[in-house]
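The values are calculated or read from the model by the stated rules, or taken from the named source; none is laboratory data. As the structure is a prediction and not an experimental result, all values here were calculated from the model. So basically every Cβ, Gly included, is an ideal-geometry build from the backbone, and we count neighbours across all protein chains shown. These accessible areas exclude ligands, DNA and RNA; they are computed on the full protein's heavy atoms, side chains included. Shrake-Rupley method; radii C 1.70, N 1.55, O 1.52, S 1.80 Å.
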Amino acid sequence: SSSGWKKRQMKKRALKTLHLIQRWAKNGNVNVVQYLYILEAELAVLQGKNEKAKKSFNAGIAASRRSGFLQDRALAHELASAYFKAQRDEYWGNYHIECSRACYQEWGCSEKVERLK
């Protein structure tokens, strides 16, 4: 089916990007660690690895907080919210969307805050 093909293509692209970011991180680029975790989380979602997805989203959020990348923290919360809502976990879905909105607001991206309402 076309959706199966699209999913395989997304997974292939994600793996290629993951390997690239892993090399950057291995070479000492600390500014990409949060992207590594966020991409690992999204890949885990595609693979149906729910515990891995949760841990990787949390690690991405924590890495973004430590490194001071507010926009990346906002994105990680936004993606985590979508994941939890897809899992029918409204509590964590709502928690993460509110955290995302707060980060985007602090970052000064009020239009994104409005779109996430």
Fill in the blank from the handout: Excluding residues fewer than 8 positions from Lys55 in its own chain, the aspartates and glutamates with Cα under 17 Å of it are Glu40, Glu42, Asp72, Glu78, Asp89
Problem - Summed side-chain charge close to Ile21 - residues other than Ile21 whose Cβ falls under 15 Å, Lys, Arg +1, Asp, Glu -1 - result: +1
Practice task
Could you let me know the centre-to-centre spacing of region 1-77 and region 85-113, using Cα atoms, in angstrom?
Solution key: 18 Å
Problem - Neighbourhood charge, 14 Å Cβ-Cβ cut-off, centred on Gln105 and excluding it, Lys, Arg +1 and Asp, Glu -1 - result: 0
Completion exercise
Expected sort for 70-78, 15-23, 102-110, 54-62 on mean C-beta neighbours within 10 Å, highest first, is 70-78, 54-62, 102-110, 15-23
Completion exercise
With R₀ set to 22 angstrom, the calculated FRET efficiency between the beta-carbons of Arg115 and Asp89, to the nearest 0.05, is 0.50
Problem - Normalised contact order of the chain, rounded percent, pairs of Cα under 8 Å and 6 or more residues apart - result: 16 percent
Practice task
Could you provide, to the nearest whole Å², the per residue accessible area of the chain with probe 1.4 Å?
Solution key: 65 Å²
Handout entry: 17 Å Cα-Cα reach of Lys12 towards lysines, excluding residues that sit fewer than 8 places from it in its own chain
Key = Lys49
Fill in the blank from the handout: Per its Cα gyration tensor (rounded if a/c is under 1.5, else prolate when a/b beats b/c, else oblate), the chain is best filed as oblate
Exercise for the section: Calculate one ³J(HN,Hα) per residue across region 35-41 by plugging θ = phi - 60° into the Karplus curve 6.51 cos²θ - 1.76 cosθ + 1.60, and present them in order as whole Hz with x for glycine and proline. Expected result: 5, 4, 5, 5, 5, 4, 5
Fill in the blank from the handout: From DSSP H assignment alone, runs of 4+ in the chain each adding -39500 (n - 2.57), the sum over residues rounded to the nearest 500 puts [θ] at 222 nm at -28000 deg cm²/dmol
Problem - Accessible area in the full protein assembly, largest first, 1.4 Å probe, for Tyr95, Tyr83 - result: Tyr95, Tyr83
Practice task
Whenever you get a sec, line up Arg65, Arg115, Arg88 from highest to lowest accessible area (probe 1.4 Å, protein heavy atoms).
Solution key: Arg88, Arg115, Arg65
Practice task
Could you pull out the pairs from Lys52/Lys112; Lys7/Lys54; Lys26/Lys112; Lys26/Lys85 whose alpha carbons sit more than 30 Å apart here?
Solution key: Lys26/Lys112; Lys26/Lys85
Problem - region 21-34 - phi-based ³J(HN,Hα) in whole Hz, Karplus 6.51/-1.76/1.60, Gly and Pro as x - result: 5, 4, 4, 4, 5, 4, 7, x, 7, 6, 7, 10, 4, 5
